[in-house]
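Written out below as structure tokens is the structure these notes cover.
The values are calculated or read from the model by the stated rules, or taken from the named source; none is laboratory data. The shown structure was predicted, so the numbers you read here are calculated from the model rather than taken from an experiment. Note that each Cβ is placed from the backbone with ideal geometry, even for glycine, and that neighbours are counted across all protein chains shown. Keep in mind that these areas ignore ligands, DNA and RNA; they rest on the heavy atoms of the full protein, side chains included. Shrake-Rupley method; radii C 1.70, N 1.55, O 1.52, S 1.80 Å.
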Amino acid sequence: NCLDDVALTAAVKTLKAKTIDTFVIGFGSAFSNPDAKKALNDAAEAGGRTANDPDYPDAKFFLAANTEKLEGILDKIRTVLQACTFALDQAAVTESSLVVTVSNKKAGTEATLESGTDWSFTDGSRTALNLGDAWCKKLQEAEADTYVVKFQHLQCQP
């Protein structure tokens, strides 16, 4: 038995402490082996990205029983990673003091997004924002590394 569940969970916890997301995927018989299932469940919970798969309600990890299931899991992970909520490095003073741009690296273009139409703050703290549906969908449906979202805080001039 080469399963080291303690080391696996510790490694995932270390990544989580460094704000690195971990998605745990089990292949083949991972669900039928109780030791493997426990190790993968513990790692998935430690990583903070559990599967919540109705086909396998006892599994916290993603179970790829076949190629089709693996493709679906990878699509789900890609969607999660391309979320449309962004944390800012500092609170914005006002909506007009924040410039949000989206660069298309492949096309070499850049768009400045409109506050209230293309994006909005998640709450009154102005420390995070949501992209509007059109931009969110565009980012989620694009190939990986196509778009870069940037934020610029404008400084008040005396």
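Brief remarks follow.
- Accessible surface of the chain, 1.4 Å probe: 51 percent of it comes from carbon and sulfur atoms.
- Net charge dipole, the range 98-151: roughly 120 debye, given to the nearest 20, about the Cα centre with Cβ charges of +1 for Lys and Arg and -1 for Asp and Glu.
- The aspartates and glutamates within cross-link reach of Lys13, meaning a Cα-to-Cα straight distance under 16 Å and a gap of 8 or more places when in the same chain, are Asp4, Asp5, Asp21, Asp42, Glu45.
- Proportion of all alpha-carbon pairs of the chain beyond 22 Å (%): 56
- Taken about its Cα centre, the range 18-118 carries a charge dipole of about 320 debye when Lys and Arg each add +1 at the Cβ and Asp and Glu each add -1 at the Cβ.
- Spin-label proximity, Leu74 to the range 119-154 - amide N less than 17 Å from point 7 Å beyond Cα toward beta carbon: 141-146
- Projected area averaged over orientations for the range 1-52, convex hull of C-alpha atoms, nm²: 3.5
- Of the trypsin sites (Lys or Arg not before Pro) found in the range 50-124, the ones in coil according to DSSP and having at most 13 other Cβ atoms within 10 Å of their Cβ are Lys105, Lys106.
- With Cα atoms, 0 to 90° folded angle of helix 5-17 axis to the chain main axis: 0
- Accessible area per residue in Å² at 1.4 Å probe, computed on the range 65-146: 61
- For the range 62-102, the residues whose amide N sits under 16 Å from a probe point set 7 Å from the Cα of Ser120 along the beta carbon direction are 84-86, 95-96.
- Note on the range 89-158: along the principal axes its Cα atoms extend 41, 25, 20 Å, ordered by decreasing extent.
- Charge sum, other residues only, whose C-beta stays under 11 Å from Thr22's C-beta, Lys/Arg counted +1 and Asp/Glu -1: +2
- A Förster distance of 35 Å, applied to the separation of the beta-carbon atoms of Lys38 and Ala107, puts the FRET efficiency at 0.15.
- Largest to smallest in accessible area, the residues Ile25, Ile77, Ile20 fall in the order Ile20, Ile25, Ile77 (1.4 Å probe, all protein chains included).
- Take Cys136: with every protein chain present and a 1.4 Å probe, its accessible area is about 20 Å².
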